[in-house]
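Heads up: the structure comes next, in structure tokens.
The values are calculated or read from the model by the stated rules, or taken from the named source; none is laboratory data. Quick caveat, the model's predicted, so the values are computed rather than measured. Here Cβ is always computed from backbone atoms with ideal geometry, including for glycine, and neighbour counts include all displayed protein chains. Surface areas here come from the heavy atoms of the whole protein model, side chains and all, with no ligands, DNA or RNA. Shrake-Rupley method; radii C 1.70, N 1.55, O 1.52, S 1.80 Å.
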Amino acid sequence: MADRVTVIGWDGSPLTAAARSALGAATLVAGAAHHLALPAVPPAAERIRLGSVALAARRIAGHRGTAVVFADGDPGFFGVVRTLRAPEFGLEVEVVPAVSSVAAAFARAGMPWDDAQVVVAHPRTLRRAVNVCRAHTKVAVLTSPGAGPAELGLLLEGVHRTFVICEELGTESEQVTVVTSDKAADHTWRDPNVVIVIGGKVAATEGSGWIAGRDSFAAPRGWTLPAEAYGGLMGEGELEPLRSAQLVRLGPRVGDLVWDIGCGSGAFATEAARAGAAVIAVDRDPRACERTEANARGFGVQLQVVHGRAPHVLENLPEPDVVRVGGGGAAVVSAVADRRPQRIVTHAATRDEAELVGRDLTQHGYDVECALLQSVQLDTRAWTERERTVAFLLTGDLGRREAPR
């Protein structure tokens, strides 16, 4: 095992005294090509070009001597420190930090970033990173080859954003470019780069925030809210008890893309967006689309509204993680199941309709649950019944049959 492992963060600034001391004693140095080319790297030291950090960690664990690992920016922020400290390698590390590439990018842009989301994009997580960019007004994306500005722009089709692209931060080739998301694919971008993604409707805020990575917008308490909070005018399938059950069954999360088909007033779409998910709300009624946009704006959340009739309008939408079908019946549920979201929730007014939808979901490979929900609203002044609703709640879940995307 290496006698000592020092991780040096590098942001283009001159090396600190602690970094120079550790590097001068190193018998093994790991890093990217531009790190290994630094004049301060001892000529006699073994050099490892850093590709897989796990492979480098194994080499370091078997090395007898003093090792140094270079990393761009702060190595403790989405960096190599987490891998090097993994129990299987048994390495004890000392860290010489530097300014993170995210902090440097926002500094070059002259923008605060305490309210920004920060995500890592590589080919496996690209679509989830894009969903965060759909759902939030300020996101920093740490990119990788195959998951860079061009790919982000292509997957954000239909959602306008501004990209601040910071290439090769801290080097003589550093460059900052501002483009709209639809133009990002027209260029070739140099690695490494950080993309600041800005846009969407910003909610009014007062003063500064108090928690990093969150909007300062003061959301009302409760996962779901009564019809009055959304201006009334709700269909039976949107009333709060059923909507609450649907929201719990779908469990929208940050990084998910939710389809809300037959969005009506936009209550469910707004509440899914309040959970941090990206949302596409679909309705054939232009007035429903207008109400959905107005409610999303009133609650300070980002979502995309698509006017059109399902299932045809769904063909060109990006792949969903979870879907609520609020209208359209068995034909729409079947078309949604063809797209293989992890979970689908819908409701039916009769048992025959519920059985028809349930059989179709089963044929598509989903595990199906159905519950009969009855809700009775009471007038508490006289404790008399005011309103009664009954619905069959259906949930289709792929379970372990297909891994989440």
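Observations on the structure shown:
- Looking only at residues of the stretch 368-386 that are under 22 Å from residue 244 (Cβ atoms) and open to solvent by less than 70 Å² (accessible area, probe 1.4 Å), we find that the one that is farthest from the chain's Cα centre (by Cα) is 379.
- Residue that is on the phi > 0 side of the Ramachandran plot and either open to solvent by 20 Å² or more (accessible area, probe 1.4 Å) or more than 32 Å from the chain's Cα centre (by Cα) (or both), where the choices are 79, 51, 65, 73: 65
- Residue match in the stretch 247-259 (condition: buried (at least 19 other Cβ atoms within 10 Å of the Cβ), without any contact (Cβ under 8 Å) to a residue 40 or more places away in the chain and farther than 13 Å from residue 302 by Cα): yes
- When we screen 339, 343, 297, 291 for residues that are over 25 Å from residue 391 (Cα atoms), in contact (Cβ under 8 Å) with a residue 60 or more places away in the chain and open to solvent by 10 Å² or more (accessible area, probe 1.4 Å), the only hit is 297.
- Total residues in the stretch 348-367, condition open to solvent by less than 80 Å² (accessible area, probe 1.4 Å), among the hydrophobic types (A, V, I, L, M, F, W, C) and free of Cβ contacts under 8 Å to residues at least 40 places away in the same chain: 2
- Residues of the stretch 300-321 that turn out to be assigned to a loop (DSSP other than H, G, I, E, B) and either over 16 Å from residue 238 (Cβ atoms) or open to solvent by less than 30 Å² (accessible area, probe 1.4 Å) (or both), as a count: 14
- Filtering the stretch 274-288 to residues that are open to solvent by less than 10 Å² (accessible area, probe 1.4 Å) and part of a helix (DSSP H, G or I) leaves only 288.
- Annotation: residue 15 fulfils all but one of (1) under 11 Å from residue 71 (Cα atoms); (2) of a type outside the set (D, E, K, R); (3) open to solvent by less than 40 Å² (accessible area, probe 1.4 Å); the unmet one is (1).
- The stretch 104-136, residues that are hydrophobic (A, V, I, L, M, F, W, C), out of contact with any Asp or Glu (no Cβ under 8 Å at 6 or more places or on another chain) and farther than 24 Å from residue 10 by Cβ: 129, 130, 132, 133, 135
- Residue 400 meets each of the listed conditions (1) outside any strand (DSSP E or B); (2) open to solvent by 80 Å² or more (accessible area, probe 1.4 Å); (3) among the charged types (D, E, K, R); (4) modelled with pLDDT of 95 or more apart from (4).
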